[in-house]
Each structure stands twice: as C-alpha cells, then as structure tokens.
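Data block below; observations after.
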Amino acid sequence: MRGQSGISLRTVAGILALVLISAASYAQTAQRAKPAVAHGASAASERDWWKNAVIYEIYPRSFQDSNGDGIGDLNGITERLDYLQQLGVDAIWLTPINPSPQVDFGYDVSDYRAIDPQYGTLADFDRLVAEANKRHIRVILDMVMNHTSDKHAWFVASRSSLTNPYRDWYVWRDGKGETATDKGAPPNNWQSTFGHAAWQWDETTRQYYYHNFYVQQPDLNWNNPKVHEAFKDILRFWLDRGVAGFRFDAISTLYEDPSLADEAEIKDKDGKPILNVFGDVRLDSSKTRNLPGVHTVMQEMRAAMDTFNPNAWPGTRVLIGETFARNAAELNQLYGSADKPEFHLPMDLQVLPAEMQTGSARLDVAQLRKNLTDAETGIGSNIPLLVFDNHDRPRLDMRYGDGVHDVDIQKALATVLLMSRGAALFYYGDEIGMKTTPPTRKEDVKDPVGLVGWPENKGRDGERTPMQWEGTAKAGFTSGDPWLPVPPSVSTINVKTEASDPNSLLGWYKALIQLKKTNPVLAQGANVMLDTDNTKVLSWMRQNKGAPVVLVSVNVTAEPQTVSLKLPCAGVCEWKLKTLAKSPGAVAPLTPERIELGPYGVFIGEAE
Ligand code: GLC
C-alpha cells in the first residue's frame, strides 16, 4: 500500500518525464494517424462514419502473401489497398495479427502489443494504417479478451505456483473429490465450444484451469480488476497507433457463473439427451454465456475508447462485438444506454444463421422478413450491423446456394445486406462468390476444430482458403506453397475475371456499395417492409422525409415472379419508378405495381 506522505521531488520529476514522453508519443501518433490526403469529409461525417459503414473482414493469413512463404501478411494487405478502395469499403477488420503459437490461428495471443513475425512488424503495421488512411480506409483490429494463449507470460506465471501474483488472472479450481494423489473429476460438466470438457488438469499446481475454447486458450478471470486495467492499456496502445476500433472476440463467454453449478442437458421430445457434432451431450450454456458482467466490462472499454477525439480522423473509435444474442431484445441490451453505452455495433449474426439449412426452402422469405424486421425494430434507434458470413461459418454458397443459381443467390443476399439500414460487414471473397472448400482428408485439416470433429465437423479451413485474385494455380495469392490449397473454382471465380465483367458478382457489390454511399436515403433512411404476405419476394422501402423513397425487391425463389407494390400515399398518387440497379437482362419496371423479376432477380429503384 502507498503511504500518505507528500509527493517527493523524484515523483514529480517522474510524472513530468512521463507527461513529456506521452506528449511526444501523442504528437508522433497524431502524425502517424493523420491521413496524408484531405478527404473533404466534414467532422460530423467522420464522427458518424460507422453508422452507414461497409466493413470488410480480412483473414490476414489468406489474403495476400508478399514474401513467398505461403502465408498472407501485412505488406500483402497494403499491396491490395487499391482494390479495397475501388470496392468502396470504409474499414477493414483484421482477424488477430499478434504473436501467437497459431493453435487457433491467432486467436491464441501470446503478446498483445506486437505483431506476429509471420505477418510482419510494427513498422509494417504503421505503414498499412498510413496507406489505408490515404485511401480513406480505417483499420479495425480483433481484440481477444476472453482468453490468452497458454504461452502468454501471464499464464506461464499463473500456472507456475499457487501464490504467483498472476495466479488469479485465470480461472483455477480444485477437482471434485480431489486428494493429494488423485486429481478427482473436473469441477463441473461445462464444455469447451471446441468439444469435450472445458477443464484442464495442470499437474504443477494440481488444479484445473477453465478454457472455453482450446486447452491452449485458458480463460482470463474477469473478476480480477487487474485484467480490466491490462486490457484498457492494450486498447490505448493500438488506438494511439491510429486504429479505428476493435471487434471484441468471443465476448459472450467473458464470465462464468461463480456457483460453478452444472449446466442443464438439452433433451429431445422423448427426454433423451441431444448430442452435438463433437459427440458431447448438448448443454444449455446458462452458466457460461452472456452473464451480466459482460455489460460492465463493455461500458468500461467504451469509456476508455470514448476519450479519443471522434471529430478527427479516423473518427469515432468503434466497439464491434462478436455477440451471440438469441433475439433482438438481447441484442438491444448490448448497445447499453445513453448514459452507459456499450457496443456501437454488436453483430447481428441471426438474420442469416450460421447453421446449415436443409431442404429445398433454405431461404425462407417469411423467416428472412421476420429476422430483418426484428433486427431493425428490436433495437430502438440504435444502428444494426448485419453480418452474414465470416471466418467461422461455411460461406454463403454452401449455406444458401442451390448449385445452379449460386451467383444470383449471392447477388440477392448482398442486396439484403447492403440495402438495409445500418452498417454491413462482409468477408473477403464474398464479393467474388468464393466457394467453401473443406478438406477431403483428415490429414490435410489445419483447424483443430476439424481434427476433433472429423468427419462430421471438418472445421473451418473450407472458408479460409486463399483469396482468389486471378485464375492461376496459386490464385495470385503467393509465389510459394499456399498454407491452404487454392480451390479448383479459381479458374472462373477470381477478381481479374470478374473485374472485366460488368454483370459479375463483384460488379454488383461495387454498384451496391456505391449506392449505399451516395444515395442519402440509402445512407440514412428507415427500413419499411412492403408486401408482407408475399412468400416468394422480399420487398422493402427506404424512406427519408422529403426525398423519393427507394424500393428494393428481391426474388427469393428460382422461378420468375411479378410483384405489385402498393406504396402508401395521401390522396391520389401515381408513382414513377427510376431504376437504380437491377439484375442483368431484367425489364426496367415503370410502376411499383408491376415489377418483374427473374430467378433470384433484384430490382432497386427510386419512386416519386
Ligand atoms: C471467435 C473467433 C473464432 C475463434 C474463437 C476463439 O469465435 O471468431 O475464430 O476460434 O473466437 O477465440
């Protein structure tokens, strides 16, 4: 404990030195973070950039390799910034780039303040941020706070003895019925998200530690205030380098119920336990997911980030959450309140679920409409962030394709994503329609989830294959041996081919992003569902007072459909339609009352 005596000269000198050092490093940072070109954006639009943002997720390992080792890297991303600028994205989110044993490909962080040498150096990172800024692109990092790598210095210290100061940074418990010679059973029935027991026996100190993910990813103890302080410092370290925000990883699992009570088993209608893909009995997650402490932590992180000036580049530093809410009401709580804000953009991962749909009607219009309506209306005036695809889910082709109309289906889904109100996030390769390509042999699997779950769960390699820049054997991704094989689909699905085809999926993404960014109604207008009994076509309008409404109709079937939209109007009114975008070859409709759509066809137009 510190005494109550007066502050010594030495302390004052120390404080002064610290102030000077921080002022100098702030000046450097400010210089580093400043864009090299003026973008003509107003302070308000810089501040509010996230409200209509298009965010592009990059899996750095798979995006672009610059040094021929077969693994993507930061300099590779820098090389591809012109492409991202042409695509029109506002921000890129990089999955973890910190030093890591790479057991979970970066989600096992062993040092939060450095760059993994596989990906480059801090200088490469600064250059990436500066070059991105020149193109008006912000950089968002992944922040893994639920757990660290077992090789992180905190855990190495923690596991070394029962009395080590870091012991309480992780979740350690005695086994059930443990004796001096017998480790007993794990403290309870909790399971790892990646299969089997979530407790690992550690012989040195003869206790179990808790890991919601792999054994090599011990959970941090968020009941320890020191853990909070450590992460606030880490956030500031990256924000000082010009980072525009974070995607907070696995936030739902930050806390565990202190009772350590067993979770209930989920039973089928005959009362029999249901097994998951790992062959474990499914549990209700009630003691390990979405506990109240998550809110307090996010309020704290938000307050720390809100100290950065939102009116200067890169604008508001945003908190994005990997949030698994079961419904809109739960999602709404993650925004916090006006006096205690939490996330700016908790992810809505429910509109297009990750679970594989089966049967012919994978895309059910009524369900999609309901999900979108919930996402829009269940969160008050907050801003939705729709996320359909990411590095943990089979890509859209596998979840929603029919093998015949895949490109049109993906155009339809991109329309739902980008023409709805709010922020939109998509995954590298979505814009060209990359196909999920899982390994065919267990010995080729890289993701340990696939090793534990094989053959039922082949892991996540299938959605992490190298970005397909051109139709060659190595896809323009590397000059070496790519860490995951380039899928055979590269010959037709690649940036080079699609960039020269105005009707390509890539062309469609660009057109939608351009519309989202330039049409004020699409940027800010409310979403109103139309023709809500229609079971084949999803239609909605975007509406802003005093401006023409924008209508969007998406045929969610493989058969041609004709819709007749009745727009609300006071007195007699005849609506004239101006086409903003439509599926190639479709007839431009003249009135909302007759819009013809081909299989999975789309129409977007202004009505006046
Ligand atoms: C998140 C990441 C996933 C990772 C896990 C553990 O769900 O998206 O890729 O394996 O957290 O960090």
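Quick check, is TRP575 assigned to a strand (DSSP E or B) and of a type outside the set (Lys, Arg)?
Working: assigned to a strand (DSSP E or B): no; of a type outside the set (Lys, Arg): yes.
In short, no.
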Working carefully through the options PRO589, PRO584, find the one that is in a loop (DSSP other than H, G, I, E, B), under 25 Å from GLY507 (Cβ atoms) and touching a Leu at 6+ places or on another chain (Cβ under 7 Å). PRO589
Out of all the residues in segment 288-300, which are open to solvent by 30 Å² or more (accessible area, probe 1.4 Å) and either among the hydroxyl-bearing types (Ser, Thr, Tyr) or outside the structural domain of SER252 (by TED's automatic domain parsing) (or both)? THR296
Pairs where the first residue, in segment 102-127, is hydroxyl-bearing (Ser, Thr, Tyr) and the second is not in a loop (DSSP other than H, G, I, E, B), C-beta under 6 Å, 6+ apart: TYR107/VAL144; TYR112/ILE234; TYR119/PRO60; TYR119/LEU74
Scanning segment 500-537 for residues that are of a type in the set (Ser, Thr, Tyr) and in a loop (DSSP other than H, G, I, E, B), the one nearest to PRO568 (Cα to Cα) turns out to be THR532
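Just to be sure before I move on: is ASP257 in a loop (DSSP other than H, G, I, E, B), more than 16 Å from the ligand (Cβ to nearest atom) and touching a residue at least 24 places away in the same chain (Cβ under 8 Å) in the structure I sent?
Working: in a loop (DSSP other than H, G, I, E, B): yes; more than 16 Å from the ligand (Cβ to nearest atom): yes; touching a residue at least 24 places away in the same chain (Cβ under 8 Å): yes.
Here the answer is yes, as ASP257 does meet what is asked.
Looking for something assigned to a loop (DSSP other than H, G, I, E, B) and open to solvent by 60 Å² or more (accessible area, probe 1.4 Å) - is there at least one such residue anywhere in segment 133-144?
Quick first cut of segment 133-144, residues assigned to a loop (DSSP other than H, G, I, E, B) only: 135-137.
This time we only want the ones that are open to solvent by 60 Å² or more (accessible area, probe 1.4 Å), so: none.
Checked against the condition, which is being assigned to a loop (DSSP other than H, G, I, E, B) and open to solvent by 60 Å² or more (accessible area, probe 1.4 Å), segment 133-144 yields no hits at all.
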Name every residue in segment 453-482 that is within 16 Å of the ligand (Cβ to nearest atom) and in a loop (DSSP other than H, G, I, E, B), in order of residue number. ASN457, LYS458, GLY459, ARG460, ARG464, THR465
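If I filter segment 235-254 down to residues being within 16 Å of the ligand (Cβ to nearest atom) and part of a helix (DSSP H, G or I), which single residue comes out as surrounded by the fewest Cβ atoms within 10 Å (Cβ to Cβ)? Before you say what the answer is, go through the steps one by one.
Applying the first criterion (within 16 Å of the ligand (Cβ to nearest atom)) to segment 235-254 yields 246-254.
Keeping just the survivors that are part of a helix (DSSP H, G or I) gives 251-253.
Numbers: ILE251: 27, SER252: 20, THR253: 22.
Of everything passing the filter in segment 235-254, SER252 is surrounded by the fewest Cβ atoms within 10 Å (Cβ to Cβ).
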Residue count, segment 155-173, condition hydroxyl-bearing (Ser, Thr, Tyr) and assigned to a helix (DSSP H, G or I), comes to 1
What's the total number of residues in segment 334-355 that are in contact with a His (Cβ under 9 Å, 6 or more places away or on another chain) and either of a type in the set (Phe, Trp, Tyr) or surrounded by fewer than 19 Cβ atoms within 10 Å (Cβ to Cβ) (or both)? 2
Give the residues of segment 201-217 that are open to solvent by 40 Å² or more (accessible area, probe 1.4 Å) and either within 16 Å of the ligand (Cβ to nearest atom) or closer than 15 Å to PRO258 by Cα (or both), sorted by residue number. VAL215, GLN216
What number goes with the only condition from (1) over 22 Å from ALA511 (Cα atoms); (2) modelled with pLDDT of 95 or more; (3) not aliphatic (A, V, I, L, M) that GLU57 does not pass? (1)
So which of THR535, THR518 is out of contact with any helix residue (DSSP H, G or I) (no Cβ under 7 Å at 6 or more places or on another chain) and either at negative phi or polar (S, T, N, Q) (or both)? THR518
Taking segment 485-496 and keeping residues surrounded by fewer than 21 Cβ atoms within 10 Å (Cβ to Cβ) and either over 30 Å from ARG441 (Cα atoms) or within 23 Å of the chain's Cα centre (by Cα) (or both) leaves LYS496
Tally, over segment 542-556, of residues that are at pLDDT 95 or above and outside any strand (DSSP E or B): 1
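The values are calculated or read from the model by the stated rules, or taken from the named source; none is laboratory data. All values derive from a computational prediction rather than experimental measurement. Note that each Cβ is placed from the backbone with ideal geometry, even for glycine, and that neighbours are counted across all protein chains shown. Only protein heavy atoms, including side chains, enter the accessible area calculation; ligands, DNA and RNA are left aside. Shrake-Rupley method; radii C 1.70, N 1.55, O 1.52, S 1.80 Å.
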